[in-house]
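Chemist: Dropping the structure in here first, questions after.
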Amino acid sequence: MPVKGVRIEPAAGKLGVLLPGIGAVSTTFIAGVEAVKKGLAKPIGSLTQMGTIRLGKRTEHRVPAIKGFVPLASLEDLVFGGWDIYPEDAYHAAINAGVLDPSLLEAVRPELKKIRPWPAVFDQHYVKRLRGSHVKKAKNKMDLAEQLRDDIEIFRKKHRLSRLVMVWTGSTESFQTPKPVHQTVAGFEKGLAKNDPAIAPSMIYAYAAIQAGIPYANGAPNLSADIPALTRLAGDRGVPICGKDFKTGQTLLKTVLAPGLKSRLLGLSGWFSTNILGNRDGEVLEDPGSFKTKEASKLSALEHILQPKLYPDLYSNFTHQVRINYYPPRGDNKEGWDNIDIFGWLGYPMQIKVNFLCRDSILAAPLVLDLVLFLDLANRCGMKGIQEWFSFYFKSPMCAPDLYPEHDLFIQLMKLKNTLRYLRGEEQITHLGLEYYD
C-alpha cells in the first residue's frame, strides 16, 4: 500500500500553554523553556528538541532531528498561563518549589514574574492535604467550567494566540472509579449543573478545554478526561486528548527493566518498590485517597508488560508492592528503592537492587514540553480523541475501551516514531532487516 502522509496545518502564530497547577513541575518546565531560549541550558530529556528519527533503510543514513522532520511549534512561540490555589507568581512558586538553582531562576525572573495564576477550581474533598484561598466560587460546577472558559478566552485575546494546549500539572486527586454521571455527555453536563460530587476539579478543566476545542493532557493519575463522557466529547469536538500520570522516576525504570526480564524469559517472584519525597506531591500523597489513585497507576505496568496469563510459569504468582513516604527534607529530590526477586534456569533465584536518586520535576518538565508540542501537532493533523501514541509519556496510558494499554517503553517509542513516519508519508520501521542479506 502506498504511503501518502497526512495534511498538516502549519504551526503559524503563538501557541498558548494552559497549566492547571503552577507548582514544581510547571514552573520547572516554564523556567527551563525560558532558559533554553536564552541559551543558558540544553533541553535534556525532550524528544521533540533532542531526538532523531530513522527514515527508510539503514543503508540510506537518513536520520533527521524530529523537530526538523515534523512541523512543531517553536519554543519562541510558546505563551504560558495557568491556575493555582495559591496567588504567587511563577517566579515565587518556583522559589518555593526549590527545584532549580536560584541563579538560574534569577536569569529568567522577568519572564516568570509575568505569569500570575488565575484562581483555581478546587475541591478539598479531592485533595485533602492542601488548603488554598485563591479559588473560584460559583453556584455550580457548570458555572466553574464557564469561568475557566472565560479565563481561556481572555488569555487568547490578550496574547493574540492562534492555538492552545492544556496540560494538567496539578495534584493527584482522591481515588474514584467511573460513576453513572461519567458515562454520557448529556449526563455529565447535567451533573455539572447539579454539582454532582463525583465530578472532580480535573474533569471540569478537561471539559472546559475540550468544549473550547483545546487539546488536553493529564499528567496525574486522576480519571480526569479518561471517562466515556469526555472521550466521546473529544471525538465529537475533534479534540486530541491523552494521559494519565507522567512516567518519570521509578515507573520509568520499571518499564525499562520489566521488558528486559520478559525478553530473556526470566521469572519474577516479587517486586517491592518504595519512595521518599518531600515536595507538594509527596504531601498530597500522604492522604490515603490520593495515594490509592497513585498506587493504582504505579501497580498497573508490570501486569500488562509481563502478561501472566500467557507466561504462567514465569509471572503468575509474583508479589508487587508500592510504598510512598512523605519526607520533607528530601524536597523534590525523590529517592526510589526497588528490590526485585527473579529466577532463572531451573528455577534458581537471583536478585536485582535499584536505588534511583532522581529529581521528580526535572524528569517531568521535558515530558510537558513534548506533550504540548505533539498535542498541537496532532490537532493540526486533524487527529481527535484518545492519542494512544503518546503512551510513551504516561504510567497509566489511555487507550480504546477494548484494548489493553501498552506499557513497554520501547514499544511505546516505536509506536510514537512510526506515527510520525505515517504523518509524513514515510515507510514504517519494523526492524525485520532480511533485505540486507538477500
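The values are calculated or read from the model by the stated rules, or taken from the named source; none is laboratory data. All values derive from a computational prediction rather than experimental measurement. As a convention, Cβ positions derive from the backbone with ideal geometry for all residues, glycine included, and neighbour counts pool all protein chains shown.
Chemist: Looking only at the stretch 383-405, decide whether some residue is touching a His at 6+ places or on another chain (Cβ under 9 Å) and farther than 19 Å from Val167 by Cβ.
Modeler: Yes, because at least one residue in the stretch 383-405 is touching a His at 6+ places or on another chain (Cβ under 9 Å) and farther than 19 Å from Val167 by Cβ.
Chemist: Which is among the polar types (S, T, N, Q), farther than 20 Å from Leu164 by Cα and touching a residue at least 60 places away in the same chain (Cβ under 8 Å), of Asn222, Asn195?
Modeler: Just one listed residue meets the conditions, Asn222.
Chemist: Quick check on my filter: what residues within the stretch 300-315 are crowded, with 17+ Cβ neighbours inside 10 Å and either over 16 Å from Ser391 (Cα atoms) or without any contact (Cβ under 8 Å) to a residue 12 or more places away in the chain (or both)?
Modeler: Matches in the stretch 300-315: Leu306, Leu314, Tyr315.
Chemist: When the stretch 419-437 is examined, which residues are found to be in a helix (DSSP H, G or I) and without any contact (Cβ under 8 Å) to a residue 12 or more places away in the chain?
Modeler: Answer for the stretch 419-437, where residues must be in a helix (DSSP H, G or I) and without any contact (Cβ under 8 Å) to a residue 12 or more places away in the chain: Leu434, Tyr437.
Chemist: Next up: Go through the stretch 387-438 and give me each residue that's small (Gly, Ala, Ser), surrounded by fewer than 17 Cβ atoms within 10 Å (Cβ to Cβ) and in contact with a helix residue (DSSP H, G or I) (Cβ under 9 Å, 6 or more places away or on another chain).
Modeler: Result: Ala400, Gly433.
Chemist: Quick check on the stretch 153-191: of everything there that is aliphatic (A, V, I, L, M) and either crowded, with 21+ Cβ neighbours inside 10 Å or in a strand (DSSP E or B) (or both), which residue is nearest to the chain's Cα centre (by Cα)?
Modeler: Step by step, filter the stretch 153-191, then rank; the result is Val167.
Chemist: Run down Pro71, Pro110, Pro102, Pro87 and say which single residue is surrounded by fewer than 20 Cβ atoms within 10 Å (Cβ to Cβ) and either of a type in the set (Phe, Trp, Tyr) or within 18 Å of Ser361 (Cα to Cα) (or both).
Modeler: Pro102
Chemist: Next question, about the same structure. Assuming Pro117 fulfils every condition listed in (1) in contact with a helix residue (DSSP H, G or I) (Cβ under 7 Å, 6 or more places away or on another chain); (2) buried (at least 16 other Cβ atoms within 10 Å of the Cβ); (3) under 26 Å from Phe374 (Cα atoms) apart from one, which condition is it?
Modeler: (1)
Chemist: Moving on. Please verify whether Thr255 is among the hydroxyl-bearing types (Ser, Thr, Tyr), modelled with pLDDT of 95 or more and under 30 Å from Pro180 (Cα atoms), treating the condition exactly as stated.
Modeler: In short, no.
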